[in-house]
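What follows is a set of notes on a single structure, which appears directly below.
The values are calculated or read from the model by the stated rules, or taken from the named source; none is laboratory data. Quick caveat, the model's predicted, so the values are computed rather than measured. Cβ atoms come from the backbone with ideal geometry, glycine included; neighbour counts cover every protein chain shown. Ligands, DNA and RNA are excluded from the accessible area calculation, which covers all protein heavy atoms including side chains. Shrake-Rupley method; radii C 1.70, N 1.55, O 1.52, S 1.80 Å.
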Amino acid sequence: RLTLAGQLVAGHARRVLDELDELLAGAEKLRTRRETELRVAASLTIAEYLLPVWISTLRGRRPELYIGLQVTNSEHVPELVESGEADVGFIEGPHLARVMSTRQVAEDRLVVVADPGHPWARRRELLSARELSRTPLVLRESGSGTRQTLDRALHLAGCDRARPLVELGSTAAVRGAVIAGTGPSVLSELAVRGDIAEGRLVAVEVAGVDLTRELRAVWPTGRRLVGPAAELVAVARGAAPGRRAARP
């Protein structure tokens, strides 16, 4: 029979083993959640025009997977990823406010657009970078990837930042305002390709301004991208419509 001391040790051991069982059960629940749930944060343009295809492809491979998507501008995506509210993020902007691991998934190009009645739609010569910077535009809000890319391109061309005529919180709202004749804008080619083809908008060529941009996946530094998050990034690198070759 156990001595009194042995009974005390056995009681402690039972409690330790019960707590270990709870720990293992909790760890198994977390592992299962990671394999069946994916939380994504993405900028508006990527969320509207690219992620639906990426998610559909991933769901075709993993029909049991639940995917939750938070849509915000590029400036706020890293915050959601770093806080753990999202497993992976996708951004358009050239700058990261935080030090994070990133991987290019695709490349996009911004286009200067105007309605068919605007003087820019009828001009024969190329628009200059200085004209673009001095003309009030219908723009996305500060912090959006599109706005960051435009401001950076104008800066590299030796010009001031873009001047807002109106600031709107979504690509769809900017696009609608330009079609309605409010003023010209600079938008993702993904968003206006159909409007240009059907004559609702006119693309205006600009001299001396590089409006291409990288679309990137982001996740916290020091954390390895695994499971559904890694699978979604792989899908994005290989399945984005109109995708140009992604660099490492």
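Tell me which residues, restricted to region 179-230, are in a helix (DSSP H, G or I), among the β-branched types (V, I, T) and more than 27 Å from A41 (Cβ to Cβ).
Within region 179-230, I179, I196 meet the criteria.
Restricting to region 72-95, and then to whatever is of a type in the set (A, V, I, L, M) and part of a helix (DSSP H, G or I), can you tell me which residue is most open to solvent (accessible area, probe 1.4 Å)? Even if it seems obvious, please write down each step before you answer.
From region 72-95, those of a type in the set (A, V, I, L, M) are 77, 80-81, 86, 88, 91; that's our starting set.
Pick out the ones that are also part of a helix (DSSP H, G or I) and you get 77, 80-81.
Values: V77: 0, L80: 28, V81: 0 Å².
Per the stated criteria, the residue is L80.
Determine which member of the set L150, L110 is open to solvent by less than 20 Å² (accessible area, probe 1.4 Å), part of a helix (DSSP H, G or I) and either under 17 Å from R213 (Cα atoms) or of a type in the set (F, W, Y) (or both). Don't jump to the end; show me each part of the working.
On the way: L110 fails: part of a helix (DSSP H, G or I).
Just one listed residue meets the conditions, L150.
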(request) Check L69 against each of (1) in contact (Cβ under 8 Å) with a residue 12 or more places away in the chain; (2) open to solvent by less than 60 Å² (accessible area, probe 1.4 Å) and name the one condition it does not meet. (result) (2)
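In the list T135, T102, T149, T171, which residue meets the criterion of being at pLDDT below 95, more than 17 Å from E48 (Cβ to Cβ) and hydroxyl-bearing (S, T, Y)? First the steps, then the outcome.
Details: T135 fails: at pLDDT below 95; T149 fails: more than 17 Å from E48 (Cβ to Cβ); T171 fails: more than 17 Å from E48 (Cβ to Cβ).
Result: T102 is the single residue among T135, T102, T149, T171 that is at pLDDT below 95, more than 17 Å from E48 (Cβ to Cβ) and hydroxyl-bearing (S, T, Y).
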(request) Quick one: Q104 ticks every box in (1) touching a residue at least 12 places away in the same chain (Cβ under 8 Å); (2) farther than 17 Å from N73 by Cβ; (3) open to solvent by 30 Å² or more (accessible area, probe 1.4 Å) except a single one, so which number is it? (result) (3)
(request) Looking at (1) closer than 19 Å to S144 by Cβ; (2) open to solvent by less than 20 Å² (accessible area, probe 1.4 Å); (3) not β-branched (V, I, T), find the lone condition where D210 falls short. (result) (2)
